Amino acid sequence: MKSRIESIADEQGTKDERLRRILFKWRSSTPTLATGQSPTELYLGRKLRIKFDLVKPPQKHSKPLSSKFSFSKGERIQSRLYIQEK
């Protein structure tokens, strides 16, 4: 934390704004050793979306969809693909 505070000397904004940005990033992404969850997850009960979430690839499903649903061979199904194009 000390090295990160020293490294923000050249960034834009007041000292308070720069410190708030550091603390926001730390609280939203750094898991605690006791629980394995970040302080924000413990407080809100969910992960907080940050700018980095837009860069990293989406997570794959931990369980295959076939284990969640049962289909017979040749059975007709419908699906919808949700993609936002810009």
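Since every read-out is calculated from the coordinates, none of them should be taken as a lab result. What you see is a predicted model, and the numbers here were worked out from it, not measured in a lab. With ideal geometry, Cβ positions are generated from the backbone for all residues, glycine too; neighbour counts draw on all protein chains shown.
Some points to look at:
- Each other residue within a Cβ distance under 14 Å of GLU11 adds +1 if Lys or Arg and -1 if Asp or Glu, for a net charge of +2.
- Projecting the alpha carbon convex hull of segment 2-57 along each direction and taking the average yields 5.1 nm².
- For GLU11, GLU41, order by how many other beta-carbon atoms lie within 10 Å, fewest first: GLU11, GLU41
- Taken about its Cα centre, segment 2-57 carries a charge dipole of roughly 180 debye when the Cβ of each Lys and Arg holds +1 and the Cβ of each Asp and Glu holds -1.
- Shown is the FRET efficiency for SER79 and PHE52, computed with R0 = 25 Å from the Cβ-Cβ distance and rounded to the nearest 0.05: 0.25.
- Average Cα contact separation per residue, segment 2-57, under 8 Å, 6 or more apart, as relative contact order %: 19
- Extension gain (nm, one decimal) between THR30 and ARG4, 0.36 nm per residue minus Cα-Cα: 8.0 nm
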